[in-house]
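Notes to accompany the following structure.
The values are calculated or read from the model by the stated rules, or taken from the named source; none is laboratory data. From a predicted model like this one, the values you see are computed outputs, not experimental measurements. Positions of Cβ are backbone-derived with ideal geometry, glycine not excepted, and every protein chain shown enters the neighbour counts.
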Amino acid sequence: NSGASGGASGGGGDVSVVMLPKNLGNPYFDTSTKGAKAATSEFGGTFSEVGPDTGSPDAQVPFINTAAQQGTKALIVSANDPKAICDALDEARQAGTKVVTFDSDTDASCRDLFVNQATAEGIAKVQVDMIAEQIGDAGEIAILSASANATNQNAWIEMMKKDLADHPNITLVDTVYGNDDDQTSFDKTAALLQSHPDLKGIVSPTTVGIAAAARYLSTSSSQGKVALTGLGTPNQMRDYVADGTVTEFALWNPEDLGYLAAFAADALVSGKITGKEGGTFTAGKLGDFTVGADATVLLGDPFRFNKDNIDQFNF
Amino acid sequence: MARTYPAHARPLWQRVLLTREMAVVAVLAGVVVYSVARVPNFTGPLTLPYLLLDTAPILLVALPMTLVVATGEIDLSVASVVGLSSVTVGVLVDAGWPVPAAALAALGVGAVCGALNGYLVAYVGLPSLAVTIGTLALFRGIAVGLLGTRAVTDFPDRWTELATARIGQTQLPLVVVPIVVLVAVFAVLLHLTPFGRGIYDIGLSTDAAHFSGVAVARTKLVLFVLTAAVAAFAGVFFTLRYGTARGDNATGLELQVVAAVLLGGVSIFGGRGALHGVVAGVLLIGVLSSALRLENVTVNVINIIIGALLVASVLSTSVLGWLVRRRQHSPLAPAQPQPGREER
Amino acid sequence: MAANGTPPVLELVDIRKAFGPVVALRSGSLRVHAGSIHALVGENGAGKSTLVKILSGLYRRDAGELRLDGQDVDFATTAESKAAGIAVIYQEPTLFPDLSVMENIFMGRQPLRSGRRIDRAAMREQSAELFRRLGVHLDPLRPAAGLSIADQQIIEIAKAISLEANVLVMDEPTAALSGVEVRRLFQVARGLRDEGKALVFISHRLDEVFDLCDTVTVMRDGAYVSTSPVADTTVGQVVTHMVGRTVDDLFPKTPAPVGDVVLEVRGLERADVFHDVSFDVRAGEIVALAGLVGAGRSEIARAVFGVDRYDAGTVRLHGTDVPPGSPLAAVRAGMALVPEDRRQQGLVTDASVARNVTAVVRSRIARWGLLTSARESRAAAPWAARLDVKTNALDMHGSTMSGGNQQKVVIAKWLATEPTLLIIDEPTRGIDVGTKAEVHRLLSELAGKGIAILMISSELPEVLGMADRVLVVAEGRITADVPRDQATPETVMHAATATLEHQP
Amino acid sequence: MRTVLRSRELAIVIVLLLLVAGTTVRTDAFLFSENSWRDLLLTPSILMLLAVGEAVVIITRNVDLSVGSVLALTAYLTGRLFIAQPGLPVVAVFVAGLLAGGALGLVNGLLVSLGRVPALVITLGTLYVYRGVVLTWAGSDRVNASDLPDGFLALGTKTLASIPVLTMIAVVVLAAVGYHLHTARGGRELYAIGSDPDAALLFGLPVRRRVLGAFVLSGALAGMAGVFYAARYGTISSGAGLGLELQAVAAAVIGGVAIFGGSGTVWGAALGAVLLVTINRALPILGISEFWQQAVVGVLILGAIVLDRVLAARTARRLADAREA
Ligand SMILES: Nc1ncnc2c1ncn2[C@@H]1O[C@H](COP(=O)(O)OP(=O)(O)OP(=O)(O)O)[C@@H](O)[C@H]1O
Ligand SMILES: Nc1ncnc2c1ncn2[C@@H]1O[C@H](COP(=O)(O)OP(=O)(O)OP(=O)(O)O)[C@@H](O)[C@H]1O
Ligand SMILES: [Mg+2]
Ligand SMILES: [Mg+2]
């Protein structure tokens, strides 16, 4: 049971890592957890995943508190809210826990390091490019996002709006929020298609959203007529790529992301890096990484999945 | 004529110890003792402050909720009031108001919400369950509607720090002060004033209370306003502690509060229950969750345990009460106060 | 007439039933024959209703035998007694307010058409038929909610008759009925008797008993007293059996000096309930509001005390107006109301004696607004003692006490407010004989102290025995103001039923 | 009474029609594209089932807060069944859902009717317990559309004569329950019990059995809704149906079911559900930001209760006058 606390009691100096995703029951985070777990066993530490059942802003705080109480060496978090968990993280750090954020960052002041799956610019750009290609660079598009307050998504959406300026014939007509809930995302997609009969494409920068939207489209007469792209996991999207609902979507490899985050955490604990710009460390099979500006480490560019390559991936 | 009566049928220790509330207190004590002895890191310096900070909103709202339930009513809209208050603070601070002013305004908003609930229940005479399900949606809707995608986070640090500050060198968070004050206030109000006696009378028999000159409607209105005001205060605390004002803050809190109140031994039909039981109920849920988390038990198992605890607790009381009643009353006597059908 | 040679259809022998400390029945016995209407009489609280409820399977008896057609039977539920052919009209109407009148009559045994579907048309027709038989005009489709007490009774009767049972028990069915309705009911009853059914008829109106029944059984204090053919007995004998002593010492009335006016009620009006009610009550005077159940007396009392609102009129106490609709104001002005329904309105049965007694004077006994149960007990004790409440401690719950003791607690609670006007509704309903006399003694004593008393009672003897003045209420109007010396059963009853007689 | 009920349901129908008409005027796609027509009928079907069950329970003067969790359990069960037995006939899965839901409802019913415990508390407890069970069972795992047979998924959107099959099933269930409540002795007894539980006992009605039955029905329908959910949404995570219980109660209340039992119809509750769902889909088209939807729903609920009070008062007055006449 309390592997983490075993680590806390400092036996053998091995690193105790706690992984805290936005919420449990989300395949994207399952995959990243898998990576982090693999990494931990490579550099020899104890690993445990905890998390709330809902993605509400305050829900993560008790788990951060618990990690601090347990004297966890490293905490890897994807923040539900950039601010809500700050105080808790600070206290954990005062208690000697190294805090690495991944996937969704907090205010830079509240963590030691942010492992960035890809630059916001990169993520926004790939999605705009994909939708532009798929609708012939002209027509109405809409965005189906996660929760209205999701830091990432909101940041990316801002970027996308900038990029869209270079595509004068594409108009972003609406942005709706599925709260990363299957049913809500599904129904919002239906509503989108109704309120905007001339809709050409939908961009959903969240794995739950794109899957639900794909599911609705595949059952509707708009299948193939309305393009859908965004960020999704190959396993959830495979069928829809096969049946032509979706031609191409993007994502980084969440498994690598978790893997990298865990190694970064280890590097922090062992003092190899401090979060200062220019520090370097080796992340197992992924090779060497360098700490960039305001303590961020970049995984790489998002990867595009389509029917030619999707079957090579399983996450 | 010169007949004298003992004040009590049972000796003091029985009256104090053999109560539903004491059962909760005992269980709480048991859990604490076990955790201290067995749960790793439970004795750490951080446990207590975290426990208090995490349970503070539930504890705060549970206090007035106890009084409402004691009258036989219920208020499911509290979580939405917390959210609305949080948004109010956010919007106003965003508009350049100083935090204290914004907080006061939020309390005002809370009072208005409570007045709406209270008026519909006490004066129009609508069932509180239905009314507050309606206002639950209404208040939450306004909160979400006001902020939309925005989340106000730029609160002056000294205020956000105040929310998590400790008292002097102790590990006790500052919020303990208002909690202790409010616990005292509500305990006195419920247990040591004519107003409190009236609350129990209303819960046990609204008719009898009315016939004895208890201002039934006014009492209920006051209680709903109090509840919403305290919920608003909890909302201010919530906002400052997490440093973020969002429409969806504290969603679902209402069920946790109701669960805690019922676990604390308050009868859903009103007329029975005591404040120390409720405080114990809230802390029991808090300590249990905290200990289980330290044991790396997942949140869902925690939910199961709390739910089962709730069901078990009511079952035990109702079964006991039923056995007692079976000895006193007709076998028909229902769980509610006996409707006076016997004569007429 | 009762075929006394034949064995009885229904036999209850030495039935015993206690509710916690309250012994409702010590040894209730009853033998009813087919083709007979059997009267069961006894004072309030004699145990009549309890006996009935045991017969119907609503309560389980603690001891005694119950035989139907010579067979020992034992009913666990009312459904079983119904199935065995016993129909009961309970004293208190038991209707489902949301459901239509006809559904109330046929609930659980509605006429069915193919596929076990309810045949509404048939149900409507049959209820209409029942109403025709009872000679009342009721829409079978209207909901039971808002029916007058009288109409509610009619439904209960229709319910029972439609059961086609061979034993029909009616617990005070006529209590709320007008003369016309009563006569119709009697026709139906006689018809059933002639069909060979056995009927049990409970009533406080002995004239009805002697008019309708052929045999009369008397109960007192939860025990069987006597059974005799109506032909061989007289009202006087029955009353003596009922009360167990001669009536007058049950009403220890000591005339008190009548002072000046305390309560002035002028033109009190409330739609559908009472109209243009005006009267005075003077210090030291006991004024009785007499009339049939359902006449609106309690409503008048409640309006005066401010529990109910009223549409028009004024209430003045000692010459100053009492604001309407506020019991609190009434209490401050010096009024007290002992309501008719003890368990519902009189006291909080699940609260302690001490809390009940101090319920109204709380804010007075609180110090700096604070109240402890110690203070409550200290304040309650003398009043409990004054009324000689029988309880082993002040923190016992009201629910554990007998009806009589509960009533004492309620009176204690109101005397504690030291009122100048005491309104007391059905002061001795469901109270045993001993306590009854105590309460009456107390009332005269209070009057002697110069307190003005307004007493509502459905029991003529009580009215005649205690009142200095009798105001008779019929259909919400005061139809007579009879001084003590002229008050006789005839004058009062005539006034009480006068207007009702002229109904279609 | 009848007229009140009728006018009560009529009120919702009118609001509903106005809503649909108004929205269609704004964007005719709301009604006149095959998908939107289909979705208009299809989307409410799940909440409809829940509302019908909830209504029956409320009519007996009880409440069932556990329906959302029951739905999650059965939805996930459906998924697991198909993963374990891909060839499973759809009918079997429906039966499984009904049985599982019914069993969970039975637990509620037993605790309430035998334990003599207020339904609100019991079902609040089982709300946590059932949800916890799903979360434990499912963990982070979720059922994806690819795990479900196409035949089953197709059912989620299949239409006959441009009427979605799921909606048909829901309406058939509704009709059956409504018919039973209106024309069967057992059904009327539910109303009697809710109207005055003590009188029901005095009368000798089988109160416990009926209340038990009501909870079993509510559970079974929630179970069926779970299967619907799986077929319609394809993806099932442990969070499915979170918070649906309050929507179900709200639908019943909007539909004119008195929260203290004894009156109201499942027809009304179903209409309430349709209105609730449709409003959520219409508001954005009417140009009301989605963020305000909940507020509108709140107003709707309050309006419904007040309307009930007004109508009740009016009948009372009418009956009083009748008595005078
Ligand atoms: N459920 C009960 N619990 C406690 N005491 C009861 C109960 N029912 C009746 N009693 C008491 O038992 C005694 C007999 O009551 P019962 O109703 O049988 O008298 P009754 O002859 O019907 O009087 P009435 O003529 O007023 O109807 C009364 O003292 C009453 O207070
Ligand atoms: N449940 C009821 N629904 C409708 N009208 C009622 C109801 N109860 C009483 N009434 C009416 O109110 C008036 C007064 O009823 P009530 O029984 O209180 O009179 P009362 O003289 O006080 O009778 P009691 O002898 O019981 O005191 C009557 O017109 C009666 O028809
Ligand atoms: Mg009786
Ligand atoms: Mg009366």
Restrict the check to segment B:227-240 and report whether at least one residue is free of Cβ contacts under 8 Å to residues at least 24 places away in the same chain and either surrounded by fewer than 24 Cβ atoms within 10 Å (Cβ to Cβ) or within 10 Å of another protein chain (Cβ to nearest Cβ) (or both). no
Going residue by residue through segment C:253-264, is there one that turns out to be hydrophobic (A, V, I, L, M, F, W, C) and either farther than 20 Å from C:Leu446 by Cβ or within 16 Å of ligand 3 (Cβ to nearest atom) (or both)? no
Qualifying helices (runs of 4 or more DSSP H) (wholly inside segment C:11-110; at least 2 residues being more than 13 Å from ligand 1 (Cβ to nearest atom) and without any contact (Cβ under 8 Å) to a residue 60 or more places away in the chain): C:78-83, C:101-106
If you take just the helices (runs of 4 or more DSSP H) that sit entirely in segment D:2-88, which of them hold at least 3 residues that are within 23 Å of D:Ile288 (Cα to Cα) and free of Cβ contacts under 8 Å to residues at least 12 places away in the same chain? D:2-26, D:29-32
Pull up segment C:439-457, narrow it to residues that are of a type outside the set (A, V, I, L, M, F, W, C) and in contact with a Lys or Arg (Cβ under 8 Å, 6 or more places away or on another chain), then point me to the one that is nearest to ligand 2 (Cβ to nearest atom). C:His440
Inside segment D:241-260, the number of residues satisfying the requirement of being farther than 15 Å from B:Leu136 by Cβ and touching a Pro at 6+ places or on another chain (Cβ under 9 Å) is 2
For the condition of a type in the set (Ser, Thr, Tyr) and either free of Cβ contacts under 8 Å to residues at least 24 places away in the same chain or not in a helix (DSSP H, G or I) (or both), what is the one hit in D:Ser146, D:Ser218? D:Ser146
In segment C:121-157, what count of residues is obtained for those that are touching an Asp or Glu at 6+ places or on another chain (Cβ under 9 Å), away from ligand 2 (no atom under 14 Å from the Cβ), within 13 Å of chain D (Cβ to nearest Cβ) and not in a loop (DSSP other than H, G, I, E, B)? 1
All helices (runs of 4 or more DSSP H) inside segment B:108-226 with 3 or more residues being within 21 Å of the chain's Cα centre (by Cα) and β-branched (Val, Ile, Thr): B:128-147, B:176-191
Out of (1) within 16 Å of ligand 3 (Cβ to nearest atom); (2) in contact with a helix residue (DSSP H, G or I) (Cβ under 9 Å, 6 or more places away or on another chain); (3) closer than 26 Å to C:Glu195 by Cβ, what's the single condition that is false for C:Tyr59? (3)
Pairs, please: C-beta under 8 Å, at least 6 apart or cross-chain, first residue away from ligand 4 (no atom under 16 Å from the Cβ) and in segment C:177-206, second among the basic types (Lys, Arg)? C:Val188/C:Arg133; C:Leu199/C:Arg193; C:Ile202/C:Lys48
Residue check for D:Ser238: of a type in the set (Ser, Thr, Tyr), surrounded by 22 or more Cβ atoms within 10 Å (Cβ to Cβ) and within 11 Å of chain C (Cβ to nearest Cβ): no
Looking for something at positive phi and in a loop (DSSP other than H, G, I, E, B) - is there at least one such residue anywhere in segment B:13-35? no
List pairs: first residue in segment A:107-126 and among the β-branched types (Val, Ile, Thr), second residue part of a helix (DSSP H, G or I) anywhere in the structure, Cβ distance under 7 angstrom, at least six positions apart or on different chains. A:Val115/A:Leu257; A:Val115/A:Leu260; A:Val115/A:Ala261; A:Val115/A:Ala264; A:Ile123/A:Trp156
Looking only at segment C:18-29, and only at residues there that are modelled with pLDDT under 90 and either touching a Phe, Trp or Tyr at 6+ places or on another chain (Cβ under 8 Å) or among the aromatic types (Phe, Trp, Tyr) (or both), the one that is nearest to ligand 2 (Cβ to nearest atom): C:Phe19
Single residue of A:Gly300, A:Gly278, A:Gly244 found to be within 15 Å of the chain's Cα centre (by Cα), assigned to a loop (DSSP other than H, G, I, E, B) and not charged (D, E, K, R): A:Gly300
Mind telling me which of the residues D:Gly272, D:Gly264, D:Gly298, D:Gly287 ends up being assigned to a loop (DSSP other than H, G, I, E, B) and crowded, with 20+ Cβ neighbours inside 10 Å? D:Gly264
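So that you can scan it fast, the table gives a plain yes or no per residue for (1) of a type in the set (Val, Ile, Thr); (2) closer than 30 Å to C:Gly42 by Cα; (3) surrounded by 23 or more Cβ atoms within 10 Å (Cβ to Cβ):
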| position | (1), (2), (3) |
| --- | --- |
| C:Arg355 | no, no, yes |
| C:Ile365 | yes, no, no |
| C:Thr372 | yes, no, no |
| C:Thr400 | yes, yes, no |
| C:Val410 | yes, yes, yes |
| C:Leu422 | no, yes, yes |
Only residues in segment D:283-308 that are facing chain B (nearest Cβ under 7 Å) count as the first member; pair them with residues that are of a type outside the set (A, V, I, L, M) and outside any helix (DSSP H, G or I), Cβ under 6 angstrom, at least 6 apart or cross-chain, and list the lot. D:Phe291/B:Gly148
Report, by residue number, each residue of segment D:174-215 that is among the aromatic types (Phe, Trp, Tyr) and either within 22 Å of C:Met123 (Cα to Cα) or not in a helix (DSSP H, G or I) (or both). D:Tyr179, D:Tyr191, D:Phe203
For C:Gly404, the lone unmet condition from (1) within 10 Å of chain B (Cβ to nearest Cβ); (2) within 16 Å of ligand 3 (Cβ to nearest atom) is (1)
All conditions in (1) in contact (Cβ under 8 Å) with a residue 24 or more places away in the chain; (2) touching a Leu at 6+ places or on another chain (Cβ under 7 Å); (3) facing chain B (nearest Cβ under 10 Å); (4) surrounded by fewer than 23 Cβ atoms within 10 Å (Cβ to Cβ) are true of D:Ala258 except (2)
Is it the case, given these coordinates, that C:Ser298 is closer than 17 Å to C:Val470 by Cα, of a type in the set (Gly, Ala, Ser) and within 16 Å of ligand 1 (Cβ to nearest atom)? yes
How many residues does segment C:23-56 contain that are more than 15 Å from C:Val200 (Cβ to Cβ), more than 16 Å from ligand 4 (Cβ to nearest atom) and within 12 Å of another protein chain (Cβ to nearest Cβ)? 2
Restricting attention to segment A:143-182, which residues are aliphatic (A, V, I, L, M), within 12 Å of chain B (Cβ to nearest Cβ), surrounded by fewer than 24 Cβ atoms within 10 Å (Cβ to Cβ) and within 17 Å of D:Pro284 (Cβ to Cβ)? A:Ala148, A:Val176
Pair list, Cβ < 6 Å and 6+ apart or interchain, from segment D:151-170 residues that are assigned to a strand (DSSP E or B) to residues that are buried (at least 16 other Cβ atoms within 10 Å of the Cβ) and of a type in the set (A, V, I, L, M): D:Pro164/D:Leu41; D:Pro164/D:Leu42
Under the condition of being closer than 28 Å to A:Ile157 by Cα and basic (Lys, Arg), which residue from segment A:223-279 is farthest from the other protein chains (Cβ to nearest Cβ)? A:Lys225
